[in-house]
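Read-outs throughout are calculated quantities, based only on the coordinates presented, and are distinct from any laboratory measurement. The structure presented is a predicted model; accordingly, all values stated were derived computationally and were not measured. Cβ placement follows ideal geometry from the backbone for every residue including glycine, while neighbour counts extend to all protein chains displayed.
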Amino acid sequence: MNLQEKMRIIEDFPTKGISYKDITTILSDKEAFQEAIHQLQAPLKDLDYDYIMGIEARGFIMGAALAYAEDKGFLMARKAGKLPGHTVSYSYDLEYGKATIELDMDSVPDGARVVVLDDLLATGGTAKACAKLIEKAGGQVALALFLTELTDLPGREVLEKEGYPVVSILKWTH
């Protein structure tokens, strides 16, 4: 099954000039969703890791399904103020401003190996922040995994420069 054919492209969203790659149509098609999870499993076959971290919000959907399929624990990287309890946070720059992402500190045992998962790799800022968050919590990044990648944006370079291995399933130009 060609998952790229299952994706919906929305022009000029969220702003003019952007060609939005929408996974909603994959999620709503049970065969396509199952295929997406199977394809995300392939790079994990021989990987030594303990958890899958999904990045809010679409990373939660795929990450939870993948963690279940892989018989692994699931971690949530959430926007600041959304998690109760003892959290660790990491702030990073956005194109227009700053953002902070958080993780439940008690959910990451020291030395845990974590796969960072999101639906899209573009500039790499959020994924890098999540990788730093894992390290701040005492874990290690085993892999940064994405369903889609915009190859003409610097996300892969940003992550690889930090030493994080990167795998994406579907590749697009911006």
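Residues in segment 1-46 that are within 19 Å of the chain's Cα centre (by Cα), of a type outside the set (Val, Ile, Thr) and in a helix (DSSP H, G or I): how many?
Result for segment 1-46: 15.
Just to verify a result, which residue in segment 74-129, among those that are assigned to a strand (DSSP E or B), among the charged types (D, E, K, R) and farther than 16 Å from TYR164 by Cα, is nearest to the chain's Cα centre (by Cα)? Even if it seems obvious, please write down each step before you answer.
Looking only at segment 74-129, we keep the residues that are assigned to a strand (DSSP E or B), and these are 74-79, 87-94, 97-104, 113-121.
From the residues that got through so far, the ones that are among the charged types (D, E, K, R) too are 78-79, 93, 98, 102, 104, 113, 118-119.
Then keep just the ones that are farther than 16 Å from TYR164 by Cα; that gives 78-79, 93, 98, 102, 104, 119.
Details: ARG78: 12, LYS79: 14, ASP93: 18, LYS98: 19, GLU102: 14, ASP104: 17, ASP119: 6 Å.
Checking each candidate, the answer is ASP119.
Looking at LEU159, LEU133, LEU150, can you tell me which residue is under 28 Å from LEU3 (Cβ atoms) and touching a residue at least 40 places away in the same chain (Cβ under 8 Å)?
Values: LEU159 fails: touching a residue at least 40 places away in the same chain (Cβ under 8 Å); LEU133 fails: under 28 Å from LEU3 (Cβ atoms).
Of LEU159, LEU133, LEU150, the one residue that is under 28 Å from LEU3 (Cβ atoms) and touching a residue at least 40 places away in the same chain (Cβ under 8 Å) is LEU150.
Taking segment 97-130 as the search range and keeping residues that are surrounded by fewer than 15 Cβ atoms within 10 Å (Cβ to Cβ) and among the charged types (D, E, K, R), which one is nearest to GLN41 (Cα to Cα)?
So, considering only residues that are surrounded by fewer than 15 Cβ atoms within 10 Å (Cβ to Cβ) and among the charged types (D, E, K, R), the one nearest to GLN41 (Cα to Cα) is ASP110.
Can you tell me which of (1) part of a strand (DSSP E or B); (2) over 30 Å from THR25 (Cα atoms) is the one GLY138 doesn't meet?
Here GLY138 clears every test but (1).
Conditions first: (1) buried (at least 20 other Cβ atoms within 10 Å of the Cβ); (2) of a type in the set (Ser, Thr, Tyr); (3) more than 30 Å from ASP29 (Cβ to Cβ). TYR92 passes all but one, so which condition is the exception?
(1)
Select, from ALA122, ALA112, ALA80, the only residue that is of a type in the set (A, V, I, L, M, F, W, C) and free of Cβ contacts under 8 Å to residues at least 24 places away in the same chain.
Just one listed residue meets the conditions, ALA80.
Quick grid of which residues meet (1) in contact with a Phe, Trp or Tyr (Cβ under 9 Å, 6 or more places away or on another chain); (2) surrounded by 15 or more Cβ atoms within 10 Å (Cβ to Cβ):
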| residue | (1), (2) |
| --- | --- |
| VAL141 | yes, yes |
| LEU145 | no, yes |
| GLU149 | yes, yes |
| LEU153 | no, yes |
| GLU157 | no, no |
| GLU160 | no, no |
| TYR164 | no, yes |
| SER168 | yes, yes |
| LYS171 | no, no |
